[in-house]
1. Tell me the carbon and sulfur percent of the accessible area for the chain, rounded to whole percent, probe radius 1.4 Å.
2. Averaged per residue, what accessible area in Å² does the chain show with a 1.4 Å probe, protein chains only?
3. So, taking all protein chains as they sit and a 1.4 Å probe, how much accessible area belongs to residue 276, in Å² rounded to tens?
4. Considering only 305, 172, 283, give the residue with the highest GNM mean-square fluctuation for the chain, with springs between Cα atoms whenever their separation is below 10 Å.
5. Roughly how many Å² of residue 270 are accessible to a 1.4 Å probe, to the nearest 10?
6. Ranked from the most accessible area to the least, with a 1.4 Å probe and all protein chains present, what is the order of 104, 399, 79?
7. Treating the angle as unsigned and between 0 and 90°, give the value, to the nearest 10°, between the Cα long axis of helix 204-214 and the longest Cα principal axis of the chain.
8. In what order, largest first, do 332, 164 sit by accessible area if the probe radius is 1.4 Å?
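The values are calculated or read from the model by the stated rules, or taken from the named source; none is laboratory data. Only a predicted model underlies this, so the values are computations on that prediction, with no experimental measurement involved. Cβ placement follows ideal geometry from the backbone for every residue including glycine, while neighbour counts extend to all protein chains displayed. Side chains are part of the model used for accessible areas, which takes the heavy atoms of the whole protein and leaves out ligands, DNA and RNA. Shrake-Rupley method; radii C 1.70, N 1.55, O 1.52, S 1.80 Å.
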Amino acid sequence: MHHPHASAPPRRTTTLSLLLAAVLLVTGGLVLASTGRAAAADPLLSRGRPATASSQEAAGLTAARAFDGDPATRWASAEGSDPQWIRVDLGTTAAVSRVRLTWEAAYGKAYRVEISADGAGWTTLATESAGNGGTDDWTALSGRGRYVRVHGTARGTAYGYSLYEFEVYGTPDDTVPPGTGAFTVVAAGDIAARCTASSSSCAHPRTAAQARRINPKFYLTMGDNQYDDARLSDFRNYYDKTWGAFKAKTHPAPGNHETYDPAGPLAGYKAYFGAIAYPQGRPYYSFDEGNWHFLALDSNSFDDPAQITWLKDDLARTTKGCVAAYFHHPLYSSGGHGNDPVSKPVWRILYAAGADLVLNGHDHHYERFAPQDPAGRATADGIVEIVGGMGGAEPYPIETVQPHSQKRISGTYGVLKLDLTDTTYTWQYVGTDGRVKDTGPTYTCH
């Protein structure tokens, strides 16, 4: 074996070849220059970093398990489907020199190791066409980027792809500050129907269970937290039995059903959540996490000058690089309620302030849109809108597909899993069965 020149292709060292090399070294007294020696000196960059995948087989087999350093845990994709991928965000640009893959019995027969600066355009670092599982140690790699992924095109078994460990080594770019604020958020709207887990058709116990398994930094709700009239007694009898388990980590927003309470609009909502929903003495508020500024708005009162004035002042004060707003009524929707013009004035304010992301409920389906402006024109500096109204209420069908709608799912209950860094965001729609139903692009904050 010899150390390849920089122009040579990347070398894959399998478990078997390492064993043979060890035997030769012992029996022949040879001094070998290991292919991966220089690369091995580079630090491990991927341990504990944010990870996403095209799918997962079950709740305990998430992408993060391939980067936790535990050889007993693993990521597994959905069975019987090609292609599949898993990727990691290194948090900063790096020169990647080595990728080490430890496969479970379900391995990749054909796959590519790829690198990207932005999570959108990918460059191939290494290609495998006849994999046989075990450990694939790709050394002498040469590539620069922030995101690294394995893109599987042919499974080695009838199952899926499964990795115990996915390790990326290299040299971080010291000119780019590492991301220090990566965190995960779970969000949903239209949640607690007046039913309990004793009914097999009751969905909010299942969405709550999935939300809890993800164990995010915190939870967001996009309104209609409790059906039908959001009375305090209903909050206690239904919502509290499921999503109430993590109320202390929840930042809620109200929907139209919260206004139907016979005790008065938002009366039961305020009584149940208390200062959690009114941290600044109003049903709209803001808070920060990492490099993100979050705005919880009350779309029932977008005609209230006080809320509009507060919104403008709040956005003018924030120094965070990424901005997300969440409220009930979506400006754009392909569902039964359709586009709601009540949100357009707020969109204008958010767009002018360079906001990145808007989360909504109201229509009971999942949908994501490409970046667009308040007039519905696709633009790179536009706002990304996601409708996440499948938290537990009865699903609505897709009726009129709106321009720039990229993905729509109706009838499958689930939650949004948002992965946020200091400068980027992406997300997955995760069903109550733990499977990823959709993965959004990775966007860079404005």
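1. Details: 9200 of 17660 Å².
So the carbon and sulfur contribution to the accessible surface is 52 percent.
2. Each residue of the chain exposes 40 Å² on average to a 1.4 Å probe.
3. About 50 Å², rounded to the nearest 10.
4. 305
5. Result for residue 270: roughly 100 Å² accessible.
6. On the way: 104 40, 399 120, 79 95 Å².
Largest to smallest exposure gives the sequence 399, 79, 104.
7. Tilt relative to the chain: about 40 degrees.
8. On the way: 332 20, 164 70 Å².
Solvent-accessible surface, decreasing: 164, 332.
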